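Okay, structure first, notes after.
No value in this document is a laboratory result; all are computed from the given coordinates. Treat the numbers as computed from the prediction; the structure is a model and nothing was measured. Positions of Cβ are generated from backbone atoms using ideal geometry, with glycine treated the same way; all protein chains shown enter the neighbour counts.
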Amino acid sequence: MKYNEHSIKMKENEELTLEEAKQRIAYLENLLKEKDQTAYKTFFDQDEDAVVVFDLETQLFIDGNAKLTEILGYTKNDLLHLSILDISPKFQPNGQPSATLAVYYIEEGFKKGNVKFDWIHLNNLGEEVFCEIKLYNYITEDGKRFARGVIQKKEPFNVLQKKLEEKEKLLTKVTKTLPAIIYIQNLRTDEFLYLNNSIESFLGFELEPIINYDFLTKHILHPDDLPLIDIHSKKMLEEKNTEIYVLDFRVFHKNGNIHWFRVWETNFSFDENGIPTEVLGVAQDITNTKFIEFQLKKQNELSEEIRRISKSGVWEWTIVSNEMFWTPDLYYLLKVNPNQFIPTIQSLINFFTEESQSILNSALIKAKMEFSPFDLELEINGNPNLWVRVQGKSILSESNGPIIIGSIEDIDDTRKKRIALLENEARFHKVANQTGLIIYDYDLRLDKITWDGAIKSVLGYEIEEFNHLDIEGWLALIHPDDRMFTKELLADAIGTRSPYHAFYRIRKKDNTYIPIEDRGTFVGHDPTTSTRQVGVLENVSAKFEFESKLQSKEERFRNFYNFASEAIIITEGDTILDANLAFKKLFGYESIHTVSVDEIIADPLWNGLENKEKSFSLEGIKKDGTLIPIQVNKKEIDEGKFILSFIDLTLINEAESIKEALREIKEKNNLIISQKFELEKTLEELKQTQSQLIQNEKMASLGQLIAGIAHEINNPMGAIQASSQLILENIKSQIVNQEKIIQLLSTKPKEKRELYFHWMVTSFLKRNQIHGSEARRQKKIIREKLETLGCDISEYVSEEVVDLGVQNSLPIIEHLCHEEDFPDFFNFGMEYIHTTQNLNSILESIQRVSKILYALKNFSHFDKHGEKTYTDLISNIETVLILYNSQIKSGIEVIRNYPDSPIEMYCYPDDLIQVWTNLIFNAIQAMSYKGILTISIRNQKEQMDGKNWVQVSIEDNGCGIKEEIKDRIFEPFFTTKELGEGSGLGLDIVRRVIQKHNGHIEVNSIPGKTTFLVSLPI
């Protein structure tokens, strides 16, 4: 039911229902609101100030009064379709964008209730209107935001004055802070009417002295650029306009450095004849930009040179339009004139041979249909034909559709070289196979060896069998006695990236060994960082046999030469290189180093050996000046080298004396030969006896060690046996419970399973074994903590985790102990942890046994050849300490004072092991197996000869050596031990081994401190 004024009057004296009363009240309220709005509208329209209302969300005007129309010229209907920014310029007088300032003033209005500010509006003709605005903001009950603006038009003069002030402030700020030099120059006087202070920061000059152009030319402008600057100035004067002229030139900084500047200049004012009188300029430092330009130009020139040298060109084919573009290099490569030739895809294809055309067509179709790139080697028709590399790739252009871009590169020379290289490589492999060389290529990064060459003929293996060998497989074929040394040589070569050279014995397919010479080197642009080693293996069986025969012949010649009855010398030119004993005896010389052939010849007409017959007679001069008649026999052994034999002819006329002398000489020769053979035999027997004595002494020491070594090996073997039994029992238990645990795990969420596995893995890797009171304290803490968490088996868990040393994983157990089936999980996990710890125990025991066996092998090894090798002195001593570990560990403290790095020395390592064995064992016995053994090693330099030495000191705090016997301890068979305890040869062997190394040994002893000092040259 709707109410109106008439219906209300009809019912004034009647009774109303509740619904009718509500409707009547609503009607009266609407009527009152309409009257208020009418009154407000009347005041709004008649207001003397221009008033506008706009929606802050849309920024659209929703009302405006007549005064606003008077000021801006917009009708009310026009205004309802406009926003604030539609009737405002883009920027306000302070330089800020209108959009930014409008948002700022609206927010300020909400903060302060109202805000007052100056603003420029645009009227309906687009003209600027300077206004003062008061802004009032309010929010309706439904949350919408509105603003009411009261606008007053400002007087033009005041506005312009304020605008000018703002512009002046802005210009001052710009000229002072702009990163550029700004200046105004009077062209008539060359004085600077204005110059900002940027010149100080740019060039280091103070502003005061720079007042005219003359100062610039003398101190700042580069003299080579002055002509360019003059041309620039004349052009500005002649053209008489206000265009901006740009010039780049060089200037001097006050510190002497050269900078590049760029100026923008314009004619600033003119006289009545239109001639420029002032110039306004802005200069900026473009040194970095110029540097980049120069670099870019250099790179472009380099790129062009590379493209020219590389003989390549680029092409682009637009498939839809069938248009094609070639770079100038491609025209040059294909030998066509760009001014006369029109490139198309078909004309490009036609350059190739028939077979290459088919290949290129297929590649282009595939690239067009499937966007597949291609990289081809094709042949171009020519005289002769030319091989090129053709590459192409499809791309999708937004404007031109699918495009194929590509390049053509001349690879004719490269291809010929590659084919020649392959042919050379094939010939090389053929030669290697025929000459018995095995070639290898070892890639260190991939740990892969590629083999080739005479593998079948030298070792009996097929090449396919051998190419399965990696570095360990190759080492396995090397004789066990040579393997360690060869491996160390290879490791040294790899570590230093130096050439590798080794001799060793290698096992053939029939299980026999042959000697091999292995030579390798690193290849690459920088061998010091190369990861590729190439080399050859050569069978040197024949070489060894030949060298052995040659050495035997050389020894026979040397024996004949030294013990011959004739005086013999070897010469080169006039120099005597060598002389036998008979020559020295005949001519009376002890040494021939400073004697020449001229000095032993008395012939005044002597003119050299080259001009003499094979046999001639003359007089010789002995050292004491005596002349003797001699017969000389000459034999040339090399160019300029001769062997000369001399026969003394003093008693030639006394035949009987000569015969007697010859008989005696023969007898003496026979005696000398007999004595020589006897001496050689005795010397050999002495060497064998000495070696046997050393080996017997070593075996005696080994006998003393054997019980301790057996005990040292038995302990880890027992640990291995016990751990193996425990692992077996754990595996049986795990097999029985495996299905149950799998079912339990499958019911748990993923994060619980991962936490459970993390607990086991952490316990595998980390172990912290504690004992005694600390272990009992930890068990109590863990038990109490688990009890507070409600764990039913807290005591059992605390015992297990502490006994196994895995208490560090307790935080994980705390997360798991709330589970109902935690005991099953815990027991199963502990079985796995037991198993891994038993495995670790086995590994430690095996390593201990390996270490003992390796030391025992080094100790018992006897080098019959007695050759010197490079050996680590520290490892040599440590071998002995390992073997004596059972005697040392129970009561002797070993103090090692070693250098930080290994000491490599050229020595007889087996002999030195015997030295340390005797000295260390003597020290142990002197201390009655209780005390402190100190071993020190230090480098020292001899003052006299400048040689490098190493000194080994072995000190004990035992009973000491009595003064009366100290001088006898190195005598053979002298001993202070009981019968059967020592042979008395130990220290004698020590002394002789050290003398063999050209070293020396000293001993200092007082009760409680005995020190043996061994000095060896390195």
Simple SL model, points at 7 angstrom along Cα→Cβ for F146 and K90; separation in nm is 3.4
Please compute the contact order of the range 462-601 in relative form: average sequence separation of alpha-carbon pairs under 8 Å and at least six residues apart, divided by the residue count, as a percent. 12
Which links in K116/K154; K740/K785; K67/K134 stretch past 22 Å when you go from one Cα to the other? K740/K785
Kirkwood Rh and Cα Rg combined as Rg over Rh, evaluated for the range 374-474: 1.24
For the range 311-410, what is the per residue volume of the convex hull drawn over the alpha-carbon atoms, in cubic angstrom? 91
Beyond 29 Å between alpha-carbons counts as too far, so tell me which of K549/K623; K417/K508; K90/K111 fall in that bin. K549/K623; K417/K508
Report the full-extension gain for the segment Q357 to L396: residue separation times 0.36 nm, less the Cα-Cα distance, to one decimal in nm. 11.5 nm
Using the basic label-point model (7 angstrom from Cα toward the beta carbon), what is the F503 to E472 distance in nanometres? 3.1
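Multiply the residue gap between L296 and T869 by 0.36 nm, knock off their C-alpha separation, and tell me the result in nm, one decimal place.
200.2 nm
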Proximal lysine pairs, the range 311-410, alpha carbons under 22 Å, eight or more residues apart or interchain: 4
Hey, which of these cross-link pairs are over 29 Å Cα-Cα: K941/K1009; K543/K584; K779/K930? K543/K584; K779/K930
Rounded, prolate or oblate (a/c below 1.5 giving rounded, otherwise prolate when a/b exceeds b/c) for the range 424-533 by Cα gyration tensor: oblate
Evaluate the relative contact order of the range 47-164 (contact order divided by residue number), counting alpha-carbon pairs under 8 angstrom at least 6 apart; express in whole percent. 26
Spin-label proximity, C959 to the range 992-1018 - amide N less than 15 Å from point 7 Å beyond Cα toward beta carbon: 1006-1010
Amide H within-cut-off set for I576, under 5 Å, with H built and near neighbours excluded: V597
What residues have an amide H closer than 5 Å to that of I892, excluding those fewer than 5 places away on the same chain, when H is modeled at 1.01 Å from N in the peptide plane? G931
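Which value in Å is the Kirkwood Rh of the range 47-164 over different Cα pairs? Let's see the in-between values first.
On the way: mean 1/r = 0.0687 Å⁻¹.
Evaluated over the range 47-164, this radius sits at 14.5 Å.
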Test of understanding: what is the full-extension gain from V1003 to Y194, defined as 0.36 nm times their sequence separation minus their Cα-Cα distance? 281.7 nm
